[in-house]
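Notes follow the structure.
Rule-based calculations on the coordinates, nothing more; no lab input. Source: prediction; values computed, not measured. Backbone-built Cβ (ideal geometry, glycine too); neighbour counts: all protein chains shown.
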Amino acid sequence: VTLHLNPISSVHVHQKPLVFLLNSPLPLVWKLKTERLAPGIRRVFFVSLGSIVQFEKGNFSLSAETEEKLFPEKNEYLLQWAQKEYGAVTSFTELKISRNIYIKVGE
């Protein structure tokens, strides 16, 4: 699955830390494609067991962290866990089948 990350239109270059929970019932290769995300900013990708994140060429991967995690099975429990762990959830998306996911990051 390719994850496309771009800043919202009012932000020229996104310069804040991000945390993603990438959960799937089956192990996946998450291919990351980014535009206008500042290098050197901490970005964390938690993936379900057996999954990996592939980064594009460039220095984005130098400041990104990937960690496998055993997530709660049901989405409502996953959402509760994320809120407890991080204090807020700004976006939650559930898809049954997808090859491309487009996410706008920003304020």
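Structure values in brief
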{"item": "Sites His12 and Lys33 - FRET efficiency at Förster radius 22 Å, r taken between beta-carbons, to 0.05", "result": "0.75"}
{"item": "With Cα atoms, 0 to 90° folded angle of helix 75-86 axis to the chain main axis", "result": "50"}
{"item": "Only Lys, Arg (+1) and Asp, Glu (-1) charged, at Cβ; the range 1-97 dipole about Cα centre in debye", "result": "260"}
{"item": "Inter-probe distance in nm under a simple model that places probes 7 Å from Cα toward Cβ, at Leu70 and His4", "result": "3.6"}
{"item": "Candidate lysines for bridging to Lys74, where Cα separation is under 18 Å - those fewer than 8 sequence places away on the same chain excluded", "result": "Lys84, Lys96"}
{"item": "Label selected from [x] -0.40, -0.73, -1.42, -1.53; [y] -0.56, -0.83, -1.21, -1.27; [z] -0.34, -0.64, -1.36, -1.52, the criterion being log10 I(q)/I(0) by the Debye sum over Cα atoms at q = 0.12, 0.16, 0.22, 0.23 Å⁻¹ as computed here", "result": "[x]"}
{"item": "Leading residue at positive end of dipole, the chain (Cβ point charges), from Val19, Gln83, Gly40", "result": "Gly40"}
